[in-house]
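K.L.:
After the structure tokens below, expect a handful of questions from me.
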Amino acid sequence: MSHAPKRWSVKGAVFTASLAVIFAACSGGTASPSASAAAPSAAAPSAAAPSAAAPSGSAAAFTATSYPTSGPAPCGVAPYTGEMKQITAVDRLTVKFELCAPDAAFLPKVAFSAFDIQDSDYLAKHVPDGSILTKPNGTGPYVFKQWDKGNRIVWTANPNYWGDKAKTPTAELHWSDESAARLLDLQSGNVDGIDNPGTTDIATIQGDSNLKFYPRAGLNTLFLGFNNTQKPFDDVRVRQAFAMGLDRDQLVKNFFPPGSTVADYFTPCEIPFACTGDKAWAFDPTKAKQLLSDAGFPNGQGLSVDMNFRAAVRGYNPNPPVIATEIAQQLKKNLGVTVTPKLIESGAMIDGFTAGTLKGLSLIGWGADYPDPSNFLDYHFGAGSGKKFGTPFKDLGDALTQALGTADPAARTAAYATANNLINQHEPAVIIAHGASGDAFKADVTGAYASVFGGEQLARMQPADRQTIVFEGNAEPLSLFCADESDGESLRACEQTNEALYRYDGANSVPALATECKANADSTVWTCTLRDGVKFHDGADLDANDVVASYSLMWDTKNPLHKGRASSFDYWPGLWGGFLNPPAS
């Protein structure tokens with residue numbers, strides 16, 4: 001199906017050449033599901049599955065909606081910093097997005113699972129009482145059945161799915177933050193696949209004919225974040241000293257899987273436009289000590305801080321407790337500072353970092369959601385990035401806005417060079433590593449792969465003649481309402497049931513719930529045509545008002561449905577520039 005030219009990256013061979021090898025390797029030679037592939041297979045419907053003739057809550061006479069209801073958002077008028085101007089249901093199957101300025105990453109953004117489409121009636125009923133957090137109602141290949149907290153999530157195949165049916169009637173998600181425990185579960189047959197095997201376990205898997213390892217390229221970044229509103233990190237000399245005092249080469253060599261690399265830039269270099277401008281500070285303990293002395297901490301005397309981390313294994317952090325301890329020991333040895341690792345529950349760590357409320361250092365990271373620098377840089381440092389690193393750096397945010405507002409490759413390259421120079425100058429975080437990782441499956445699982453974005457579609461997999469496919473991740477999802485989540489474990493769970501306007505086919509954004517999204521001449525208006533006949537799991541029909549409702553509840557802090565687990569909806573300001581009616585600073 002046709003769709004608008006991808007204005008979000010370099011056209012043609014340059015982009016394809018830089019990413020094709022990665023996506024092929026990470027999928028075991030099979031591309032991740034396309035717009036018409038990888039969906040659920042006919043199986044006996046569960047109690048939650050609707051019949052094809054189920055009445056539709058959205059199928060009554062259509063009355064188009066628009067948001068904001070009072071008229072376009074005030075583009076460029078403080079305190080509004082967002083890029084969305086108006087979202088309008090033109091008719092039942094057409095929705096129009098008007099932007100304040102061109103967005104070079106529009107298509108990959110609307111393909112991202114945080115911006116999945118929910119039924120407007122279901123939202124109105126299940127957001128106010130919080131049941132949306134544990135009872136999703138999507139359009140995807142699997143239908144949610146149950147969540148046994150602390151144990152598993154179960155889905156059954158959607159018999160009415162608009163695309164290819166799931167290959168396995170039932171799917172389950174389990175979790176463990178111990179890589180050794182995940183491997184034991186795989187070897188014993190308790191699960192069919194696991195995420196992120198331990199660094200030392202990969203060779204064991206590759207040597208076992210009953211198992212198969214699927215590598216995943218390091219499109220992620222581990223970093224050590226500072227809050228510039230907290231002493232002593234309000235002094236850039238201290239931040240730069242920590243960066244120069246950490247031997248990142250030693251960290252990667254000793255604690256990361258083969259294929260991992262020391263990070264020269266915040267965005268992995270496989271992503272177009274990512275790696276221009278100044279590289280990260282090199283290891284230089286002598287200069288680091290001088291900077292600390294100039295800042296009033298000779299030989300690190302009097303400098304003692306906590307370093308927050310979570311136990312969840314991620315591609316960018318294969319062994320959180322060990323790596324946190326190594327960083328603390330290095331900073332003590334090289335700079336004389338006392339750093340105390342502090343283990344925090346995963347949800348509290350994410351929420352605290354996002355809100356900028358954690359005290360001390362934050363050892364955390366980021367994995368690619370889509371292949372554009374805006375996913376890494378705008379979310380963390382853009383106009384709507386919030387207080388993750390304290391007070392945002394306006395010059396850095398301005399450079400990122402400039403980079404996103406043009407489709408010209410030379411202009412984007414120049415703008416991202418400026419942004420990388422400013423990251424190096426301000427040092428909001430020590431950029432550490434891009435971690436190679438992967439998934440492991442039983443050798444008899446057909447269709448298995450490791451998604452480069454970390455969201456494997458279980459619907460495309462079949463574990464021999466077994467009727468249930470069981471996958472084990474690194475941590476329990478925080479909720480199943482991913483409009484308000486940013487952790488990979490929640491997103492993976494949501495992607496089994498929910499869908500967005502577009503989806504990813506390797507590095508490309510291709511139609512999903514929309515058959516196409518077309519831009520006007522200056523890319524400030526995108527018009528999307530929805531796929532006709534798509535039903536939500538409760539039987540409601542997909543229409544344009546569902547798109548307006550799904551986006552507007554994230555966009556507007558005064559929307560009565562702007563309510564989730566943490567109610568931060570952090571992806572919205574991070575990727576779309578800012579909330580409508582933003583909260584006071």
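K.L.:
Please pick out the residue among Asp556, Asp522 that is charged (D, E, K, R), over 25 Å from Gly454 (Cβ atoms), surrounded by fewer than 24 Cβ atoms within 10 Å (Cβ to Cβ) and modelled with pLDDT under 95.
P.N.:
From the options Asp556, Asp522, the qualifying one is Asp522.
K.L.:
Among the numbered criteria (1) of a type in the set (S, T, N, Q); (2) without any contact (Cβ under 8 Å) to a residue 60 or more places away in the chain; (3) in a loop (DSSP other than H, G, I, E, B), which one does Gln146 miss?
P.N.:
Of everything listed in (1) of a type in the set (S, T, N, Q); (2) without any contact (Cβ under 8 Å) to a residue 60 or more places away in the chain; (3) in a loop (DSSP other than H, G, I, E, B), Gln146 misses just condition (3).
K.L.:
Has segment 515-536 got any residue that is charged (D, E, K, R), assigned by TED's automatic domain parsing to the domain that holds Ser479, assigned to a loop (DSSP other than H, G, I, E, B) and touching a Ser or Thr at 6+ places or on another chain (Cβ under 9 Å)?
P.N.:
Yes, the conditions are met somewhere in segment 515-536.
K.L.:
Has segment 321-335 got at least one residue that is assigned to a loop (DSSP other than H, G, I, E, B) and on the phi < 0 side of the Ramachandran plot?
P.N.:
Scanning segment 321-335, I find no residue that is assigned to a loop (DSSP other than H, G, I, E, B) and on the phi < 0 side of the Ramachandran plot, so the answer is no.
K.L.:
Quick one: is Gly150 outside the structural domain of Asp408 (by TED's automatic domain parsing) and at positive phi?
P.N.:
Against the criterion (outside the structural domain of Asp408 (by TED's automatic domain parsing) and at positive phi), Gly150 qualifies.
K.L.:
On the given criteria, is Glu485 at pLDDT below 95 and under 19 Å from Gly140 (Cβ atoms)?
P.N.:
Criteria not met by Glu485.
K.L.:
When segment 61-93 is examined, which residues are found to be within 27 Å of the chain's Cα centre (by Cα), closer than 11 Å to Asn545 by Cβ and not aliphatic (A, V, I, L, M)?
P.N.:
Those that are within 27 Å of the chain's Cα centre (by Cα), closer than 11 Å to Asn545 by Cβ and not aliphatic (A, V, I, L, M): Tyr67, Thr88.
K.L.:
On the given criteria, is Asn220 crowded, with 23+ Cβ neighbours inside 10 Å and within 28 Å of the chain's Cα centre (by Cα)?
P.N.:
Here the answer is yes, as Asn220 does meet what is asked.
K.L.:
Now, a different point. Could you pull out the residue among Asp372, Asp378 that is farther than 20 Å from Asn228 by Cα, buried (at least 21 other Cβ atoms within 10 Å of the Cβ) and of a type outside the set (Gly, Ala, Ser)?
P.N.:
Checking each option against the conditions leaves just Asp372.
K.L.:
Still on this model: Being part of a loop (DSSP other than H, G, I, E, B), out of contact with any Ser or Thr (no Cβ under 7 Å at 6 or more places or on another chain), buried (at least 21 other Cβ atoms within 10 Å of the Cβ) and in the same structural domain as Ser70 (by TED's automatic domain parsing) is the requirement here; does Glu476 meet it?
P.N.:
yes
K.L.:
Return the residue satisfying two criteria in turn: it lies in segment 149-169 and is in a loop (DSSP other than H, G, I, E, B) and touching a His at 6+ places or on another chain (Cβ under 9 Å), and of such residues it is surrounded by the fewest Cβ atoms within 10 Å (Cβ to Cβ).
P.N.:
Selected residue: Asn151.
K.L.:
If you don't mind, another one. Of the residues Pro55, Pro45, Pro74, only one is modelled with pLDDT of 50 or more and either aromatic (Phe, Trp, Tyr) or in a loop (DSSP other than H, G, I, E, B) (or both); which?
P.N.:
Pro74
K.L.:
Okay, next question. Could you say whether any residue in segment 260-273 is touching a residue at least 12 places away in the same chain (Cβ under 8 Å), over 23 Å from the mean Cα position of the chain (by Cα) and crowded, with 17+ Cβ neighbours inside 10 Å?
P.N.:
No, every residue in segment 260-273 fails to be touching a residue at least 12 places away in the same chain (Cβ under 8 Å), over 23 Å from the mean Cα position of the chain (by Cα) and crowded, with 17+ Cβ neighbours inside 10 Å.
K.L.:
Tell me the helices (runs of 4 or more DSSP H) entirely within segment 338-426 that contain at least 1 residues that are on the phi > 0 side of the Ramachandran plot and modelled with pLDDT of 95 or more.
P.N.:
none
K.L.:
Oh, and also: Can you tell me which residue is modelled with the lowest pLDDT among those in segment 280-301 that are farther than 18 Å from Gly218 by Cα and in a loop (DSSP other than H, G, I, E, B)?
P.N.:
Gln301
K.L.:
Could we say that Leu292 is crowded, with 21+ Cβ neighbours inside 10 Å and either among the hydrophobic types (A, V, I, L, M, F, W, C) or under 21 Å from the mean Cα position of the chain (by Cα) (or both) here?
P.N.:
The answer is yes for Leu292.
K.L.:
Look through Ala105, Ala114 and report the one residue that is at pLDDT below 95 and either outside the structural domain of Phe453 (by TED's automatic domain parsing) or surrounded by 19 or more Cβ atoms within 10 Å (Cβ to Cβ) (or both).
P.N.:
When all the criteria are applied, what remains is Ala105.
K.L.:
Just to confirm my filter: which strands (runs of 3 or more DSSP E) fall fully inside segment 176-233 and include at least 2 residues that are under 30 Å from Lys388 (Cβ atoms), of a type in the set (A, V, I, L, M) and at pLDDT 95 or above?
P.N.:
220-225
K.L.:
Another question, if that's okay. For segment 374-415, how many residues meet the condition of being within 22 Å of Val110 (Cβ to Cβ) and either hydroxyl-bearing (Ser, Thr, Tyr) or not assigned by TED's automatic domain parsing to the domain that holds Asn227 (or both)?
P.N.:
Qualifying residue count for the region: 5.
K.L.:
Taking segment 242-259 on its own, how many of its residues are basic (Lys, Arg) and either within 21 Å of the chain's Cα centre (by Cα) or surrounded by fewer than 18 Cβ atoms within 10 Å (Cβ to Cβ) (or both)?
P.N.:
Adding up the residues that qualify gives 1.
K.L.:
Here's another thing I want to ask about it. Say whether the condition of being farther than 23 Å from Glu172 by Cα and among the basic types (Lys, Arg) is met by at least one residue in segment 555-575.
P.N.:
Yes, segment 555-575 has at least one match.
K.L.:
Does segment 302-310 include one or more residues that are part of a helix (DSSP H, G or I), without any contact (Cβ under 8 Å) to a residue 60 or more places away in the chain and either touching a Lys or Arg at 6+ places or on another chain (Cβ under 6 Å) or within 30 Å of Ala399 (Cα to Cα) (or both)?
P.N.:
no
K.L.:
Given the options Ile350, Ile364, name the one that is β-branched (Val, Ile, Thr), under 18 Å from the mean Cα position of the chain (by Cα) and either outside the structural domain of Gly245 (by TED's automatic domain parsing) or under 17 Å from Pro428 (Cβ atoms) (or both).
P.N.:
Only one candidate passes the filter, namely Ile364.
K.L.:
Next up: Could you tell me which residue of segment 444-461 is surrounded by the fewest Cβ atoms within 10 Å (Cβ to Cβ), considering only residues that are among the β-branched types (Val, Ile, Thr) and not in a loop (DSSP other than H, G, I, E, B)?
P.N.:
Here the residue is Thr446.
K.L.:
A further question on this structure: Among the residues of segment 537-556, are any within 12 Å of Tyr67 (Cβ to Cβ), assigned to a loop (DSSP other than H, G, I, E, B), outside the structural domain of Thr401 (by TED's automatic domain parsing) and out of contact with any Ser or Thr (no Cβ under 7 Å at 6 or more places or on another chain)?
P.N.:
no
K.L.:
Taking the criterion of being at pLDDT below 95 and touching a helix residue (DSSP H, G or I) at 6+ places or on another chain (Cβ under 8 Å), would at least one residue in segment 509-517 satisfy it?
P.N.:
Yes.
The values are calculated or read from the model by the stated rules, or taken from the named source; none is laboratory data. Just so you know, these numbers come straight off a predicted model, no measurement behind them. Cβ sites come from the backbone with ideal geometry, for glycine too, and all protein chains shown count toward neighbours.
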